[in-house]
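Input: a single structure, listed below in structure tokens.
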Amino acid sequence: MLTVKLFLVGLLAWLCAGAAVAAPACGQHSLRIAVVPQKNMDTLVREQRPLVERLTQALGMPVEIVPASSYESVVDAIVSGGVDIAWLGPAAYLLAYQRDPRIEPFATLTMSHGYFTPPGPHYQALLLTLKGGASHIEALRGLGVALTDPASTSGSVVPNAEFSARVSQPLGQFFGSVVYSGSHDKSLDALLAHKVDAAFVASERVDAYLDSGRIDRNTFNVLWRSQPIFYDPYVFSGRLCPALKAKVRSAMLSDPQGLAGFFASQQATAMVPVSHADYAPLLKIMGRP
């Protein structure tokens, strides 16, 4: 009987020790990620799956992508703590940061060289027209243009600042009509369907269309390019604990082989660290202190 009791006591101690080792960081039992809807949400969720699997394995807890309907909804989610991590456009990150300065960018992708995008951690906003349409900027005066989302960096914020300075007029005065499509892909679709005369989109999304075979190199005229923009940051919620942040950083920045599938889905070459200082210059463009 004594032997049985000792065995049970030892088993209980082993189980408790094992539970302590396996206990999730900071008592958190799952991780939620939101992604701005640059393209169809089903496609985004599918492309994020290799990252979700990598984090699930590294953290020892369930990880899920939370669907989002707009850039604003992702900003609201990361500010409120409804999600733990968000993949935001640079301007959307800064909008979130101004509401909660504890929000922290920690990683971004470096991109493969594309026909429309330079290699490295930067991309550009492009103003596109179809071949056979307007072939120079002045020819677009009074015509229709598609933007993406009011919080989109390359699909709204940068064009409203840099392109407006280029033509010395607000977009709404230079163009005959300005519409928000909701995503870069929808803007490209609208342009291809002749629903608008021009579109401001992210260069890397045009490269994705080229790689998919939906366009070729001669489909569009590129009438304007913005200054280089740091690629979209992954950001931590201000409520996430330091221990869990450290585990996520390690999983995303220290094991490129483990993210090979994710890099392939993004035409990316690596994940690199970033900080607030990389995106702060954009505040001036946004007209914010």
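Could you give me the residue pairs with C-beta distances under 6 Å whose first residue belongs to segment 40-51 and is touching a residue at least 60 places away in the same chain (Cβ under 8 Å), whose second residue is surrounded by 13 or more Cβ atoms within 10 Å (Cβ to Cβ) wherever it lies, and which are 6+ apart or on separate chains?
Pairs that qualify, where the first residue is touching a residue at least 60 places away in the same chain (Cβ under 8 Å) and the partner is surrounded by 13 or more Cβ atoms within 10 Å (Cβ to Cβ), are Glu47/Ser265; Gln48/Ile65; Pro50/Gly261; Pro50/Phe262; Leu51/Phe262.
So Asp232 passes all but one of these: (1) free of Cβ contacts under 8 Å to residues at least 12 places away in the same chain; (2) buried (at least 19 other Cβ atoms within 10 Å of the Cβ). Which condition number does it fail?
Here Asp232 meets the rest and fails (1).
Being in a helix (DSSP H, G or I), assigned by TED's automatic domain parsing to the domain that holds Tyr71, hydroxyl-bearing (Ser, Thr, Tyr) and out of contact with any strand residue (DSSP E or B) (no Cβ under 6 Å at 6 or more places or on another chain), is that true of even one residue in segment 219-240?
No, segment 219-240 contains no residue that is in a helix (DSSP H, G or I), assigned by TED's automatic domain parsing to the domain that holds Tyr71, hydroxyl-bearing (Ser, Thr, Tyr) and out of contact with any strand residue (DSSP E or B) (no Cβ under 6 Å at 6 or more places or on another chain).
List the pairs whose first member sits in segment 192-215 and is on the phi > 0 side of the Ramachandran plot, whose second member is modelled with pLDDT of 95 or more and assigned to a loop (DSSP other than H, G, I, E, B), and whose Cβ atoms are under 8 Å apart, counting only residues at least 6 apart or on separate chains?
none
Examine segment 147-168 for a residue that is surrounded by 16 or more Cβ atoms within 10 Å (Cβ to Cβ), under 23 Å from Asn40 (Cβ atoms) and more than 23 Å from the chain's Cα centre (by Cα), and state whether such a residue exists.
Scanning segment 147-168 turns up no residue that is surrounded by 16 or more Cβ atoms within 10 Å (Cβ to Cβ), under 23 Å from Asn40 (Cβ atoms) and more than 23 Å from the chain's Cα centre (by Cα).
Only one of these is without any contact (Cβ under 8 Å) to a residue 60 or more places away in the chain, over 23 Å from Asp207 (Cβ atoms) and either in the same structural domain as Gly81 (by TED's automatic domain parsing) or among the small types (Gly, Ala, Ser) (or both): Ala251, Ala277, Ala243. Name it.
Answer to the selection: Ala277.
From the list Met271, Met252, exactly one residue is in a helix (DSSP H, G or I) and either in contact with a strand residue (DSSP E or B) (Cβ under 8 Å, 6 or more places away or on another chain) or more than 28 Å from Asp100 (Cβ to Cβ) (or both). Which is it?
Met252
Just name the residue that is modelled with the highest pLDDT out of those in segment 18-45 that are among the charged types (D, E, K, R) and within 24 Å of Pro90 (Cβ to Cβ).
Out of the qualifying residues, it is Arg32.
More than 20 Å from Val274 (Cα to Cα) and either in a strand (DSSP E or B) or more than 15 Å from the chain's Cα centre (by Cα) (or both), is that true of Ala107?
So Ala107 does not fit the description; no.
Identify, from the list Leu127, Leu191, the residue that is at pLDDT 95 or above and over 23 Å from Ala91 (Cα atoms).
Just one listed residue meets the conditions, Leu191.
Here are the criteria: (1) of a type in the set (A, V, I, L, M, F, W, C); (2) under 18 Å from the mean Cα position of the chain (by Cα); (3) farther than 24 Å from Pro37 by Cβ. Tell me which single one Cys241 does not satisfy.
(2) is the only condition that Cys241 fails.
Just one of (1) surrounded by fewer than 21 Cβ atoms within 10 Å (Cβ to Cβ); (2) touching a residue at least 24 places away in the same chain (Cβ under 8 Å); (3) of a type in the set (Gly, Ala, Ser); (4) outside the structural domain of Leu191 (by TED's automatic domain parsing) trips up Gly142, so point out which.
(4)
For segment 201-225, enumerate the residues that are modelled with pLDDT of 95 or more and of a type in the set (Ser, Thr, Tyr).
Within segment 201-225, just Thr219 meets the criteria.
So which residues in segment 79-96 are buried (at least 24 other Cβ atoms within 10 Å of the Cβ) and among the hydroxyl-bearing types (Ser, Thr, Tyr), if there are any at all?
Tyr93 - this is the single residue of segment 79-96 that is buried (at least 24 other Cβ atoms within 10 Å of the Cβ) and among the hydroxyl-bearing types (Ser, Thr, Tyr).
Among strands (runs of 3 or more DSSP E) lying entirely in segment 119-189, which contain 2 or more residues that are small (Gly, Ala, Ser)?
In segment 119-189, the matching strands (runs of 3 or more DSSP E) lie at 144-147.
The values are calculated or read from the model by the stated rules, or taken from the named source; none is laboratory data. Keep in mind it's a predicted model, so treat the numbers as computed, not measured. Counting neighbours? That spans all protein chains shown, and the Cβs are built from the backbone with ideal geometry, glycine included.
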